[in-house]
Amino acid sequence: MAPFDLVIFGGTGDLAMRKLLPALLHRFVDGQIGPGTRIYGVARDSRSDEAWRERVREAVADIAAADPRVAEAVDAFLALLHYRQLDLASEESWPAFAAEIGNSPDRVRVFYLAVGPSLFANVADRLDAVGLAGAGTRVVVEKPIGKDSASAQVINEALGRVFDESQVFRIDHYLGKETVQNLTALRFGNALFEPLWKAEHIDHVQITVAETVGVEGRAAYYDRSGALRDMVQNHLLQLLCLVAMEPPASLAADAIRDEKLKVLRALRPIGNGNAAQLTVRGQYRAGAVEGRAVPGYLDELGEPSNTETFVSIKAEVQNWRWAGVPFYLRTGKRLAERMSEIVVTFRRVPHSIFGDPADGSASPLAPNKLVIRLQPDEGVKLWLMNKVPGPGGMRMREVAMDLSFAETFGGRQPDAYERLLMDVVRGNPMLFMRRDEVDAAWHWIDPIRVAWEASHDAPKPYTAGGWGPSAAVALIERDGRTWHEDAQ
Ligand code: NAP
């Protein structure tokens with residue numbers, strides 16, 4: 001890749017240290033980032049280039065220790081890094097910064113806003129004022145893009161006043177995950193699934209994003225957000241879109257984003273009239289996760305709160321392909337395991353020739369399931385009914401055809417940020433959210449939040465280390481279905 005400039009505003013923060021810089025190091029090791037590229041970290045603290053490099057060295061120590069190729073490359077990578085002190089909220093220091101960054105006007109310039117959204121508008125205006133917002137410039141923004149439709153609009157307008165939509169890259173890192181991209185490959189690279197991909201053959205879809213972590217030191221921040229805004233509005237809805245969208249005409253960014261947008265606009269509205277039946281929100285209490293005792297959410301926060309740390313929703317895409325097929329979504333903190341997966345459950349066979357489960361002469365035939373595991377153990381499993389080997393009757397059992405990414409493709413699974421950062425430099429927006437997608441997602445989310453607030457019900461408590469409140473189990477079980485559990 002031709003040398004480029006990448007500026008991380010918030011270059012000393014958690015996102016920069018834990019995700020962005022390790023991702024850039026990996027791309028450097030693989031030869032995608034060449035000499036001459038400049039990577040700047042910007043924050044308010046005063047520190048030298050050398051001091052920042054040493055912090056980054058510490059942040060990548062584990063990955064360097066695990067791979068000799070990375071260890072060998074660290075010094076050369078650190079030589080690309082520079083630190084500049086700048087208060088993004090002020091007007092001072094920008095001219096000197098602009099003079100330095102602006103000295104290579106023909107390069108691609110990426111400004112990564114790894115800072116809170118309250119700074120986005122000011123940064124856009126300053127970049128414009130100092131002449132750094134030209135055609136070669138790209139800006140990357142992270143969630144949260146607002147906390148509702150109105151605040152998202154304010155942010156998007158501020159960015160839109162300075163930048164063309166093609167210059168704005170809204171990251172949802174789930175879209176950079178290999179398994180998420182593989183969903184598109186599975187659906188549209190094989191003739192097998194697409195004819196079956198509709199209400200006639202699919203009984204329901206489950207999307208789970210489960211975390212074991214709690215809110216720890218970020219309780220005050222999280223309390224203003226909650227699981228609906230923090231996870232459903234972006235990650236879960238993006239996954240739902242990729243499962244439910246019509247085949248795009250090509251892999252062109254707008255072809256895919258147009259189809260995703262249609263899904264968001266076809267979601268059955270949930271609000272005052274039906275939120276109580278179609279949604280469950282929960283909040284964790286003290287419990288044990290992975291054998292370790294953990295405090296409850298309110299203990300961590302230190303005050304009363306109705307913010308949800310768990311949400312489950314029965315969604316529906318109201319179009320010809322999906323009418324009547326429930327999409328059960330669930331996400332939460334302090335659940336039993338860290339796991340994200342999409343489960344597509346097909347309809348049962350119309351008639352069993354293997355005996356009648358009702359009279360005990362056979363076990364029931366389980367429906368086929370396609371399970372796309374996003375983390376951990378990325379891979380795809382197709383659950384099929386098989387005959388249990390051996391003499392005697394036809395005993396049937398559900399068995400998974402297992403395509404483990406690690407076993408099949410070997411090697412390291414690149415982190416989503418590696419792909420996404422390089423896509424920004426290349427100017428490929430396919431895996432980023434367009435403004436109208438963000439708007440449509442908030443448009444669906446806002447009335448759910450309003451309905452919850454109007455109801456004055458508290459979130460349902462659940463014990464840390466479980467699978468959320470029992471009402472989330474009831475949400476799916478009253479339809480005669482269950483949450484998928486890997487039966488191995
Ligand atoms: P963080 O750890 O609090 O870091 C914030 C960074 O911004 C620090 O480097 C801070 O340094 C700098 N900063 C703050 N105010 C500044 C100002 N006025 N001028 C210049 N620099 C300033 O936050 P984070 O976790 O990295 O998250 C950053 C943003 O990404 C947030 O909006 C967050 O919601 C979002 N995000 C984070 C993650 C994640 O994994 N961490 C994931 C998704 C989205 P100084 O205080 O020294 O200036």
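The values are calculated or read from the model by the stated rules, or taken from the named source; none is laboratory data. No experiment lies behind these values; they were computed from the predicted model shown. Quick reminder, even Gly has a Cβ in these numbers, built from the backbone with ideal geometry, and neighbours come from all protein chains shown. Accessible surface is based on the protein model in full, side chains and every heavy atom, while ligands, DNA and RNA are left aside. Shrake-Rupley method; radii C 1.70, N 1.55, O 1.52, S 1.80 Å.
If you scan the range 401-435, which residues turn out to be within 20 Å of residue 18 (Cβ to Cβ), surrounded by fewer than 18 Cβ atoms within 10 Å (Cβ to Cβ) and of a type in the set (Lys, Arg)?
412
Rundown of residues vs (1) open to solvent by less than 50 Å² (accessible area, probe 1.4 Å); (2) under 16 Å from residue 3 (Cβ atoms); (3) in contact with a strand residue (DSSP E or B) (Cβ under 6 Å, 6 or more places away or on another chain), yes/no style:
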position: 31; (1), (2), (3): no, yes, no
position: 37; (1), (2), (3): yes, yes, no
position: 41; (1), (2), (3): yes, no, yes
position: 84; (1), (2), (3): no, no, yes
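Quick one: would you say residue 73 is surrounded by 12 or more Cβ atoms within 10 Å (Cβ to Cβ) and within 11 Å of the ligand (Cβ to nearest atom)?
Judged against the criteria, residue 73 is not a match.
Scan the range 293-314 and give yes if some residue there is closer than 30 Å to residue 366 by Cα, surrounded by fewer than 23 Cβ atoms within 10 Å (Cβ to Cβ) and in contact with a strand residue (DSSP E or B) (Cβ under 7 Å, 6 or more places away or on another chain), otherwise no.
Looking through the range 293-314, at least one residue is closer than 30 Å to residue 366 by Cα, surrounded by fewer than 23 Cβ atoms within 10 Å (Cβ to Cβ) and in contact with a strand residue (DSSP E or B) (Cβ under 7 Å, 6 or more places away or on another chain).
What number of residues within the range 187-218 satisfy the criterion of being surrounded by fewer than 19 Cβ atoms within 10 Å (Cβ to Cβ) and either assigned to a helix (DSSP H, G or I) or in contact with an Asp or Glu (Cβ under 8 Å, 6 or more places away or on another chain) (or both)?
The qualifying residues number 10.
I want to confirm something. Restricting to the range 87-104 and keeping residues that are in a loop (DSSP other than H, G, I, E, B) and not acidic (Asp, Glu), which single residue is most open to solvent (accessible area, probe 1.4 Å)?
This residue is 103.
Could you check how many residues of the range 444-466 are touching a strand residue (DSSP E or B) at 6+ places or on another chain (Cβ under 9 Å) and either in a helix (DSSP H, G or I) or open to solvent by 50 Å² or more (accessible area, probe 1.4 Å) (or both)?
Selection size over the range 444-466: 9.
With (1) away from the ligand (no atom under 16 Å from the Cβ); (2) at pLDDT 95 or above; (3) not small (Gly, Ala, Ser) as the list, and residue 192 as the residue in question, which single condition is left unmet?
Evaluating residue 192 over (1) away from the ligand (no atom under 16 Å from the Cβ); (2) at pLDDT 95 or above; (3) not small (Gly, Ala, Ser) leaves (2) as the failure.
Between a first residue in the range 1-29 that is within 17 Å of residue 57 (Cα to Cα) and more than 15 Å from the ligand (Cβ to nearest atom) and a second residue that is open to solvent by 20 Å² or more (accessible area, probe 1.4 Å) and assigned to a helix (DSSP H, G or I), which pairs have beta carbons less than 8 Å apart while being 6 or more apart in sequence or on different chains?
25/63; 26/63; 28/76; 29/69
Any idea which of (1) open to solvent by 10 Å² or more (accessible area, probe 1.4 Å); (2) closer than 22 Å to residue 436 by Cα; (3) away from the ligand (no atom under 15 Å from the Cβ) is the one residue 79 doesn't satisfy?
All conditions pass for residue 79, except number (2).
Could you tell me which residue of the range 134-161 is farthest from the ligand (Cβ to nearest atom), considering only residues that are aliphatic (A, V, I, L, M) and surrounded by fewer than 20 Cβ atoms within 10 Å (Cβ to Cβ)?
Ranking the candidates gives 135 first.
Within the range 30-55, which residues are in contact with a helix residue (DSSP H, G or I) (Cβ under 6 Å, 6 or more places away or on another chain) and within 12 Å of the ligand (Cβ to nearest atom)?
Result: 41, single match.
Residues to consider are 347, 334; find the one that is at pLDDT 95 or above and farther than 24 Å from residue 243 by Cβ.
Every option except 334 fails the conditions.
From 132, 175, 183, grab the single residue that is in contact with a helix residue (DSSP H, G or I) (Cβ under 9 Å, 6 or more places away or on another chain) and farther than 30 Å from residue 367 by Cβ.
Of 132, 175, 183, the one residue that is in contact with a helix residue (DSSP H, G or I) (Cβ under 9 Å, 6 or more places away or on another chain) and farther than 30 Å from residue 367 by Cβ is 132.
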